[in-house]
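Down below is the structure, laid out as structure tokens.
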Amino acid sequence: MPAGEHIGVFDSGYGGLTILQEIVNVLPQYNYIYLGDNARAPYGSRSFEVVYQYTREAVHRLFDMGCRLVILACNTASAKALRTIQQVDLPALAPEKRVLGVIRPSVEALSRYSVNGHIGILATRGTVASESYPIEIEKLYGAGRFKITQLACPMWVPLVESNELTGAGTEYFVRKYLTQLFEQDAEIDTIVLGCTHYPLLRPLIARFVPPHVKIIGQGHIVADSLADYLVRHPEMEEKLGRGGHVSYYTTDNAGLFERMATVFMGHEIVCSSVQIC
Ligand code: DGL
């Protein structure tokens, strides 16, 4: 393991790789540890308590592996676990460490995209039910600035996890949810892909939305937000090791992770198995 402390990137499975890739593009100088809890994925339909427990265990594991800063590159974990980890776990266990999520930076970016204020949020059932996006949007912009329509797309994660990114079956489910979204608000001009798996369906999603609608993935937004965070927090930045090394860990089979990671990242990686509880 390279010297210095690392940035941990956590997801329930593969989806966070879409975030990691953009972070490494923007901040190639640091060392990263990616952890996918594939053995217990998906998180999207699990209860608040279970997602919190799993995420807390993963964060502790990443701290044990030498991470000083952990990005929850999973909307479901950010929605259901981040606040409690920040407010309860960190002060008691690791006050010098930090855990950041993907929802707040995505919400901060909204005003750069929407012209008419009509926003569609596509996410897992868990993220939608948590109301995290509408709550964060109201906190940041006040009530009434945006008209938010949320929709859970429960078939999209299994399709991506099965590498079914094209074909008639996938097209059916992509069109189905987008039709439902625009039936609820035909004026939507900005769609947030509020699940880290969804960017892999982006080419198909783009075919079924009106051409003027902006489709926002989170990778570059989270990467830019992390770069900004590190500028504002030199006490954190100076503790991070340099070298551009990325290590990959999964709680399930490493060979399977390596094969699927190629789909998500477009190049091969080497992965190891790890236990987190
Ligand atoms: N990566 C998760 C998210 O962004 C979705 C996958 C899951 O359900 O575990 O919400």
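Structure values in brief
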read-out	value
222 nm mean residue ellipticity, helices alone, for the chain (DSSP H n ≥ 4; -39,500 (n - 2.57); rounded to 500)	-12000 deg cm²/dmol
Protection-proxy order for peptides 17-27, 208-218, each taking the mean of Cβ atoms within 10 Å per residue, highest first	17-27, 208-218
Residues of the stretch 110-206: accessible area per residue with a 1.4 Å probe, Å²	43
The chain, accessible surface, carbon-and-sulfur percent (1.4 angstrom probe)	51
Mean Cα-pair separation over length for the stretch 105-229, i.e. relative contact order, pairs under 8 Å, 6 or more apart, %	34
Summed side-chain charge close to V26 - residues other than V26 whose Cβ falls under 12 Å, Lys, Arg +1, Asp, Glu -1	-3
Cβ crowding within 10 Å averaged over residues, with 100-107, 198-205 ranked highest first	100-107, 198-205
Computed magnitude of the charge dipole of the stretch 227-277 (debye, nearest 20; Cβ of K, R +1, Cβ of D, E -1)	40
Rounded Å value of the spacing that divides the Cα centres of the stretch 86-118 and the stretch 211-277	17
Gained length - E258 relative to Q53, 0.36 nm times residue gap less alpha-carbon distance	71.2 nm
Angle between the chain longest axis and helix 132-141 axis [Cα atoms, degrees, rounded to 10]	90
Relative contact order [Cα under 8 Å, 6+ residues apart], the stretch 26-118, whole percent	27
Rounded, prolate or oblate (a/c below 1.5 giving rounded, otherwise prolate when a/b exceeds b/c) for the chain by Cα gyration tensor	prolate
Three-way shape call for the stretch 211-250 based on the alpha-carbon gyration tensor, with the a/c threshold at 1.5	oblate
Between the stretch 181-206 and the stretch 131-177, the Cα center-to-center distance that results, in Å	6
Dipole moment magnitude, nearest 20 debye, the stretch 146-220 about Cα centre, only Lys, Arg, Asp, Glu C-beta charged	100
Nitroxide proxy distance, nm - points 7 Å out along Cα→Cβ at S272 and L140	3.7
Cα-centred dipole magnitude for the stretch 79-199, charges only on beta-carbon of K, R (+1) and D, E (-1), debye, nearest 20	280
Burial order of peptide ranges 149-158, 166-175 (average beta-carbon count within 10 Å, highest first)	149-158, 166-175
Computed FRET value (nearest 0.05) for Y172 with H212, which takes r as the C-beta separation and R₀ as 30 Å	0.80
FRET efficiency, D185 to S162 (Cβ-Cβ, R0 51 Å, nearest 0.05)	0.95
Rounded accessible area per residue of the stretch 12-90, 1.4 Å, Å²	32
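The values are calculated or read from the model by the stated rules, or taken from the named source; none is laboratory data. Not measured: the values here are computed from a predicted model. Note that we place each Cβ from the backbone using ideal geometry, even for glycine, and neighbour counts take in every protein chain shown. With ligands, DNA and RNA removed, areas are computed over all heavy atoms of the protein, side chains included. Shrake-Rupley method; radii C 1.70, N 1.55, O 1.52, S 1.80 Å.
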